[in-house]
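The values are calculated or read from the model by the stated rules, or taken from the named source; none is laboratory data. Please read all numbers here as calculations on a predicted model, not as lab measurements. Counting neighbours? That spans all protein chains shown, and the Cβs are built from the backbone with ideal geometry, glycine included. To get the accessible areas, we keep the full protein, side chains included, count just its heavy atoms, and leave off ligands, DNA and RNA. Shrake-Rupley method; radii C 1.70, N 1.55, O 1.52, S 1.80 Å.
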Amino acid sequence: MAGTGGRQGPLVADKRYKAAAQPAAPKKAAKRRRAPRAPHKRGPIMGLLHLIWRAIWGMTWRAGALVAMVVGLATFYFYAGLPDVSALLDGRYRGSVTMLDRNNQVFAWRGETFGGQITAENVSPHLKNAVIATEDRRFYRHFGVSPRGIASAIKINLSEGRGPLEGNGGSTITQQVAKLLCLGVEYDPAIWKTEAAYEDDCRSGGIKRKIKEIPYALAMEVKYSKEEILTIYLNRAYLGAGARGFEAAAQRYFGISAANVNPQQAAMLAGLLKAPSRYAPTTNLTRSQERAGMVLALMHEQGYLDDGEWQAARANPATLSEAAQARAGGYFADWVMDTTPDFLSKDTTEDVIIHTTLDQRIQSAAEEALKSVFETKVKEGSEAEAAIVVMSADGAVRAMVGGRATKVSGAFNRATQAKRQTGSTFKPFVYAAGLDMGMTPDTTVLDGPLTVNVRGSGHWSPQNYTKEFLGPIPLWMALAHSINTSTVRVGLEVSFDQVRKVASDFGFASDLAPGPAVVLGVSESTLLEMTGAFAGILNGGSSVEPFGMNELRIKGDAEPLFGAGGGMGERVISERAARELMWMMHQGIEQGTGRRARIEGRQIAGKTGTTQAARDAWFIGFTADYVTGVWMGYDDNRPLSGVTGGGLPADIWREVMVRVEDGLPARPLPMADPSEWRNSGGQVWSSGDPIPEGGVPVINGELVRRSTQPDRNETLGQAIENLLRSLY
């Protein structure tokens with residue numbers, strides 16, 4: 001085939017398949033392959049650190065996983081053992097004793113009191129806010145444990161030079177509840193010797209304890225609501241003065257329910273959580289108020305109180321209720337506890353209510369009188385002590401002061417525990433024996449030198465305090481002026497055994513001394529026993545067992561378990577003898593050794609007493625209403641300086657009774673009328689007769705003793721001589 005221009009084109013083979021003509025696609029650029037990175041060369045140190053980091057990281061996440069698993073298992077274990085909330089509200093292991101006075105007003109508690117179950121919903125909102133503001137401001141935002149709180153506590157502890165977990169623990173309220181519950185471990189006396197040791201162990205700190213707290217706290221957060229956890233806390237927290245829970249504390253300190261406390265009272269209660277004993281308002285009210293001020297500031301800072309509420313609360317700090325402030329009858333309450341069976345007092349597992357004989361008005365009068373005399377009549381810095389007992393004629397104790405420190409509990413009680421020589425306060429019972437055998441107040445007895453041969457001891461010659469002798473005198477004068485020789489002669493006449501019997505029957509529980517010196521009060525007794533014996537004279541001659549309990553009942557029970565623990569017993573001397581003795585003791589106040597005890601417009605009978613070297617000074621006396629005993633001395637038994645029973649003890653007695661009798665009508669003593677034993681012939685000594693020159697009364701030239709038995713009208717000196725011959 002000829003081509004154009006005579007040139008032939010190139011030969012090509014035909015395509016097998018024909019395709020539609022398409023524009024040629026642009027060639028894709030060849031993908032550039034990245035050259036392999038050259039390995040990074042670490043130095044040997046960096047390489048080692050890298051390996052260490054990888055190892056730490058690997059161990060950390062594995063350990064974390066293991067810890068999380070262990071915590072989870074522990075949490076589940078504790079969760080399974082948690083009881084219902086209601087079973088956790090009363091955390092006491094023993095019951096309490098609440099004491100009411102004669103007017104049914106609470107005046108003392110013993111043991112840990114529980115005011116009753118409360119909930120976070122029914123307490124005062126101020127109390128709830130105060131607790132959260134003080135103890136755990138993030139309570140509603142954490143899950144039982146606050147890492148931020150723990151870290152903050154560690155920082156504070158280290159900055160103050162303590163160990164990381166010593167002092168502030170950073171515990172949440174939930175963790176504190178875990179401690180209160182002792183992580184579910186019950187008290188076992190085989191492990192802990194005392195409950196105090198058990199609680200100390202439960203509240204101990206340290207890493208081991210913290211580790212245990214965490215899963216237990218988490219378990220509680222799962223098991224209980226926040227309000228239930230707070231409810232447990234409000235019921236179980238110890239708040240000082242034996243109060244367990246905020247209801248008991250509110251009642252103890254303010255006399256109101258926890259539902260009704262105001263902001264300042266709530267702040268004071270919440271402030272106790274840090275250190276209950278230290279900040280208890282009954283221990284130091286000022287310190288407690290200062291702590292409450294800090295809590296109020298926290299409440300204001302966190303928005304629980306506005307400016308006005310905060311300022312008002314600060315300006316009017318909480319104060320104690322009248323009953324809590326008085327703290328009356330601490331010695332009395334201790335005595336009642338000691339006279340109550342242990343299983344219903346110290347070791348009770350129930351809440352016990354004791355209705356007592358205490359009169360808080362009289363108790364306050366006794367305390368104020370004692371303080372007044374020591375402030376105005378005793379040398380500053382004196383270590384001398386005193387005790388007071390006031391009782392009714394039936395033995396019901398109305399007040400008891402066991403020492404100068406009156407606001408105490410558990411202290412040595414000088415009214416019930418101190419046995420001291422009674423001195424001349426014993427003498428009325430010598431004369432009681434004589435009067436009961438037929439003597440009268442006008443019976444003549446010799447005050448003169450006397451020597452008694454005491455078998456096994458030799459001769460004994462009693463002396464008078466004045467070292468002088470009055471000669472023949474009537475019985476009433478011998479008692480009024482506390483004449484020793486005359487008292488011994490009366491004892492010889494009636495026999496010392498009879499004197500001991502009369503004294504014992506009147507209530508001297510202590511052993512009475514052998515020999516004739518018993519009549520001068522060398523035996524030991526307590527002030528309570530002595531006052532009870534004098535009450536037997538006032539009531540007409542019957543024995544008395546002093547008592548402080550009217551009845552005891554279990555809280556909630558309608559019927560009491562016990563009634564009064566004492567009272568009047570059998571007759572010891574005749575009523576006539578008791579009334580005559582009362583008249584004789586009245587003369588001792590009017591013209592004898594007890595003149596400083598006189599109260600204008602009141603009839604008083606009493607007896608002074610001072611032991612050898614003035615180691616003890618007594619005054620015991622009574623009006624128609626009450627019998628009051630006063631003792632004064634040193635605890636180490638050293639002599640008093642310039643003190644006798646007719647001095648400071650009589651002053652204290654008078655100050656007590658002026659306050660006690662205030663507002664009461666003046667009632668005459670039920671004493672005998674002298675006309676009942678005096679005859680018109682003047683054959684016996686009369687207190688109204690003039691005393692002959694030299695002070696020696698002479699009746700028809702002969703000293704005689706008048707008796708209700710005619711055949712016993714003999715010369716007293718002759719009778720004593722005959723008795724001495726027969727005995728010695």
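When you check Leu446 against the structure, is it in contact with a helix residue (DSSP H, G or I) (Cβ under 7 Å, 6 or more places away or on another chain) and in contact (Cβ under 8 Å) with a residue 60 or more places away in the chain, yes or no?
It is true that Leu446 is in contact with a helix residue (DSSP H, G or I) (Cβ under 7 Å, 6 or more places away or on another chain) and in contact (Cβ under 8 Å) with a residue 60 or more places away in the chain.
Could you grab me the full set of residues in the stretch 82-95 that are of a type in the set (Asp, Glu) and either free of Cβ contacts under 8 Å to residues at least 40 places away in the same chain or open to solvent by 70 Å² or more (accessible area, probe 1.4 Å) (or both)?
Matches in the stretch 82-95: Asp84 only.
Only one of Tyr238, Tyr253 is open to solvent by 20 Å² or more (accessible area, probe 1.4 Å) and either modelled with pLDDT of 85 or more or among the hydrophobic types (A, V, I, L, M, F, W, C) (or both). Can you tell me which?
It is Tyr238.
Would you mind finding the one in Ala318, Ala333 that is open to solvent by less than 30 Å² (accessible area, probe 1.4 Å), touching a residue at least 40 places away in the same chain (Cβ under 8 Å), among the small types (Gly, Ala, Ser) and farther than 30 Å from Gly566 by Cα?
Of Ala318, Ala333, the one residue that is open to solvent by less than 30 Å² (accessible area, probe 1.4 Å), touching a residue at least 40 places away in the same chain (Cβ under 8 Å), among the small types (Gly, Ala, Ser) and farther than 30 Å from Gly566 by Cα is Ala318.
With the requirement that a residue be at pLDDT 50 or above and surrounded by fewer than 19 Cβ atoms within 10 Å (Cβ to Cβ), what does the stretch 670-686 give you?
Answer for the stretch 670-686, where residues must be at pLDDT 50 or above and surrounded by fewer than 19 Cβ atoms within 10 Å (Cβ to Cβ): Pro670, Asp673, Pro674, Ser675, Glu676, Asn679.
If a residue counts only when it is of a type in the set (A, V, I, L, M, F, W, C), which strands (runs of 3 or more DSSP E) contained entirely in the stretch 410-495 have at least 2 such residues?
In the stretch 410-495, the matching strands (runs of 3 or more DSSP E) lie at 444-447, 452-454.
Enumerate the pairs (first residue in the stretch 181-192 and within 28 Å of Glu228 (Cβ to Cβ); second residue anywhere and in a loop (DSSP other than H, G, I, E, B) and among the hydroxyl-bearing types (Ser, Thr, Tyr)) with beta-carbon separation below 9 Å, excluding pairs fewer than 6 apart on the same chain, so at least 6 apart or on different chains.
That search, which allows pairs on different chains as well, returns Tyr187/Tyr93.
In the list Ala415, Ala480, Ala405, Ala432, which residue meets the criterion of being within 44 Å of the chain's Cα centre (by Cα), open to solvent by less than 10 Å² (accessible area, probe 1.4 Å) and either of a type in the set (D, E, K, R) or more than 22 Å from Glu524 (Cβ to Cβ) (or both)?
Sole residue among the options that is within 44 Å of the chain's Cα centre (by Cα), open to solvent by less than 10 Å² (accessible area, probe 1.4 Å) and either of a type in the set (D, E, K, R) or more than 22 Å from Glu524 (Cβ to Cβ) (or both): Ala480.
Please work out if Val452 is open to solvent by less than 20 Å² (accessible area, probe 1.4 Å), out of contact with any Phe, Trp or Tyr (no Cβ under 7 Å at 6 or more places or on another chain) and more than 21 Å from Asn637 (Cβ to Cβ).
Here the answer is no, as Val452 does not meet what is asked.
Out of all the residues in the stretch 124-136, which are touching a helix residue (DSSP H, G or I) at 6+ places or on another chain (Cβ under 8 Å), open to solvent by 10 Å² or more (accessible area, probe 1.4 Å) and not polar (S, T, N, Q)?
If the condition is that a residue be touching a helix residue (DSSP H, G or I) at 6+ places or on another chain (Cβ under 8 Å), open to solvent by 10 Å² or more (accessible area, probe 1.4 Å) and not polar (S, T, N, Q), then His126, Lys128, Glu135, Asp136 are the ones that fit.
Quick check on the stretch 378-393: of everything there that is part of a loop (DSSP other than H, G, I, E, B) and open to solvent by less than 60 Å² (accessible area, probe 1.4 Å), which residue is nearest to Arg579 (Cα to Cα)?
Taking the candidates together, the pick is Ala393.
Tell me, which residue of the stretch 658-669 that is under 13 Å from Arg361 (Cα atoms) and not basic (Lys, Arg) is surrounded by the fewest Cβ atoms within 10 Å (Cβ to Cβ)?
It comes out as Gly663.
So, restricting to helices (runs of 4 or more DSSP H) that lie completely within the stretch 119-231, which ones have at least 3 residues that are modelled with pLDDT of 90 or more?
Counting at least 3 such residues, we get 125-135, 173-180, 207-223.
Given (1) on the phi > 0 side of the Ramachandran plot; (2) at pLDDT 95 or above, where does Gly381 come up short, assuming only one miss?
The number of the failed condition is (2).
Given Ile573, Ile620, which one is touching a Phe, Trp or Tyr at 6+ places or on another chain (Cβ under 7 Å) and at pLDDT 95 or above?
Ile620
Can you name the condition, by its number, that Val445 falls short on among (1) more than 45 Å from the chain's Cα centre (by Cα); (2) surrounded by fewer than 24 Cβ atoms within 10 Å (Cβ to Cβ)?
Answer for Val445: the failing condition is (2).
If you take the residues of the stretch 531-571 that are farther than 19 Å from Leu669 by Cα and among the aromatic types (Phe, Trp, Tyr), which of them is farthest from the chain's Cα centre (by Cα)?
Step by step, filter the stretch 531-571, then rank; the result is Phe562.
Across the stretch 277-309, what is the total count of residues that are part of a helix (DSSP H, G or I) and crowded, with 18+ Cβ neighbours inside 10 Å?
11
Which condition number does Phe508 fail, the rest of (1) touching a residue at least 12 places away in the same chain (Cβ under 8 Å); (2) within 23 Å of Asn103 (Cβ to Cβ); (3) not β-branched (Val, Ile, Thr) being met?
For Phe508, the exception is condition (2).
Scanning the stretch 513-530 for residues that are outside any helix (DSSP H, G or I) and either surrounded by 21 or more Cβ atoms within 10 Å (Cβ to Cβ) or small (Gly, Ala, Ser) (or both), which turns out farthest from the chain's Cα centre (by Cα)?
Residue satisfying both the conditions and the ranking: Gly515.
So, in the stretch 169-205, of the ones that are more than 25 Å from the chain's Cα centre (by Cα) and of a type in the set (D, E, K, R), which residue ends up most open to solvent (accessible area, probe 1.4 Å)?
Looking at residues that are more than 25 Å from the chain's Cα centre (by Cα) and of a type in the set (D, E, K, R), I get Glu186.
Restricting to the stretch 96-115, and then to whatever is part of a loop (DSSP other than H, G, I, E, B), touching a Gly at 6+ places or on another chain (Cβ under 8 Å) and open to solvent by 10 Å² or more (accessible area, probe 1.4 Å), can you tell me which residue is nearest to Ala564 (Cα to Cα)?
Taking the candidates together, the pick is Glu112.
Hey, could you check the stretch 428-472 for residues that are of a type in the set (A, V, I, L, M, F, W, C) and in contact with a Lys or Arg (Cβ under 7 Å, 6 or more places away or on another chain) and say which is nearest to Leu538 (Cα to Cα)?
Met439
Suppose we filter Ala597, Ala613, Ala624, Ala578 for residues that are closer than 30 Å to Arg638 by Cα, crowded, with 18+ Cβ neighbours inside 10 Å, of a type outside the set (Phe, Trp, Tyr) and out of contact with any His (no Cβ under 7 Å at 6 or more places or on another chain); which single one remains?
Just one listed residue meets the conditions, Ala597.
Could we say that Ile211 is out of contact with any Ser or Thr (no Cβ under 6 Å at 6 or more places or on another chain), farther than 21 Å from Thr134 by Cβ, open to solvent by 10 Å² or more (accessible area, probe 1.4 Å) and without any contact (Cβ under 8 Å) to a residue 12 or more places away in the chain here?
Against the criterion (out of contact with any Ser or Thr (no Cβ under 6 Å at 6 or more places or on another chain), farther than 21 Å from Thr134 by Cβ, open to solvent by 10 Å² or more (accessible area, probe 1.4 Å) and without any contact (Cβ under 8 Å) to a residue 12 or more places away in the chain), Ile211 qualifies.
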